[in-house]
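Notes follow the structure.
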Amino acid sequence: MSGGEALLFWVLGPACVLGALGLLFARKAVHAAMAMALVMVGLGIFYIAQYAEFVGIIQIFVYSGAVMMLFLFVIMTVGVGSTTSSVETIGGQRVWGWILALLFMGVAVFGLGKVTFPEPVGLGAAQSEGTVTALAREIFSRQVFSFEVLGSLLVIAVMGAMVLAHRERLTPKRTQRELAVDRIRSNTFVAGKPAPGVYARHNASDTPALLPDGTPAEISVPRVLVARGQAQPVPYRGVDPAGDQTETETADLPAPTTTDRGEQA
């Protein structure tokens, strides 16, 4: 191993390990996705450094690009602020999960202990017919059983994600009419919640809507923008409940009147 390869390993190796730990222990889905992207890019660089350019480029373009974009689309659909729920929807799934994980680790350690590695022949001899051809021959001839097992594990992982995302409905789903009746009875948001930018000077999501009395509706701004401090302050007209001096813009002032002598009052 040359000095450059050793430096690359000791720099990217801990970064990939930290990314893998972040994928396991991150509570927010978007943080786990970013940690996974770090690991995928690091693996791609490792492949390229070991003269496996095809595998490295596929790792970066396909997994770090297309697959991660799919993950981010799902996260944006579910919600950026969504966190992992600790409530078990299926009884005993945590205990069975630990049992199966320990069994899998035992089988993996036993299998790795029985592996015998042949004498290395060198990268040139291993890829004498070309990198792509050698990779295809290795996957679809010598390692075809392992490849099919890996595909089965991916299908099982998808089914496991569906089971974990399952939520038991304890009460019947409320209809739109019932929700509307509740809003009218409680006299809250009878006409619906205000949308960002409505009755404001800017049609943007960071600009609060204005209520009929001119005060800004803070609930109209997404919680993510409020937490980041990116919500725009909006001056309003009317009486401030705190008794402070209200802000007034030039557009809020009444138009000047003209007297009979042509002077502005």
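The values are calculated or read from the model by the stated rules, or taken from the named source; none is laboratory data. All values reported here derive from a predicted model rather than from experimental measurement. Backbone-built Cβ (ideal geometry, glycine too); neighbour counts: all protein chains shown. Please note that ligands, DNA and RNA were not included when accessible areas were found on the heavy atoms of the full protein model with its side chains. Shrake-Rupley method; radii C 1.70, N 1.55, O 1.52, S 1.80 Å.
Keeping the other protein chains in place, figure out the carbon and sulfur percent of the accessible area of region 1-82, with a 1.4 Å probe.
Summing carbon and sulfur atoms, their accessible area is 81 percent of the total for region 1-82.
How much solvent-accessible surface does GLU119 expose, in Å² to the nearest 10, with a 1.4 Å probe and all protein chains in place?
Ignoring ligands and nucleic acids, GLU119 comes out at about 150 Å².
Find out how many positive minus negative residues lie around ILE45, taking Lys and Arg as positive, Asp and Glu as negative, among other residues whose Cβ is under 12 Å from that of ILE45. The partial results should precede the final answer.
Details: positive: none; negative: GLU5, GLU53.
Computed value for this residue: -2.
Rolling a 1.4 angstrom probe over the protein heavy atoms, how many square angstrom per residue are accessible across region 1-82? List each step's numbers first, then the result.
Details: 5270 Å² over 82 residues.
Ligands and nucleic acids excluded, the result is 64 Å² per residue.
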